[in-house]
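A short worksheet on the structure shown next.
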Amino acid sequence: MSGEIHVGDIGTEFRITILDNGSAIDISGATSLVIIIKKPDGTSITTTGNLYTDGTDGIMYYRVVSGDLDQSGIYKIQAYVEISGGSYYSSIGSFSVKCNL
């Protein structure tokens, strides 16, 4: 992701890598790929993530849709996966959404 993110943007892509002890986990066989986005007012969006490649690199992504980025401020984002060997959360990231004129 590059540049500024603004209220009302659609199609912004967020990529998250699932790591265990600093190494990417193979999520190709995941039974659940979830992205959680917490808005500045404390409400959350929980949505299905997608494999970015074949999943062996541990990367999943989500592209925002209309209504996801409806507030300015600091958002938090985290991924969750379930695979045959266990379940994992990503680190919590944050990003800023700017106002429009």
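The values are calculated or read from the model by the stated rules, or taken from the named source; none is laboratory data. Predicted model only: the values in this text are computed from it and were never measured. Note: ideal-geometry Cβ built from the backbone for every residue, glycine included; neighbour counts use all protein chains shown. Side chains included, ligands, DNA and RNA excluded: accessible areas come from the protein's heavy atoms. Shrake-Rupley method; radii C 1.70, N 1.55, O 1.52, S 1.80 Å.
Rounded, prolate or oblate: which fits region 36-94, taking a ≥ b ≥ c as square roots of the Cα gyration tensor eigenvalues, rounded meaning a/c under 1.5, else prolate when a/b beats b/c? Cα axes put region 36-94 in the prolate bin. At full extension, C99 and E82 could sit 2.6 nm farther apart than now, given 0.36 nm per residue minus the alpha carbon distance. Taking the Kirkwood radius as Rh and the Cα radius of gyration as Rg, the chain has a ratio of Rg/Rh equal to 0.99.
Which residues does a label at V7 reach in region 55-72, if reach means a backbone N under 16 Å from a point 7 Å past the Cα toward the Cβ? Correct set: 66-72. Based on protein heavy atoms only, the chain ends up with 57 Å² per residue of surface accessible to a 1.4 Å probe.
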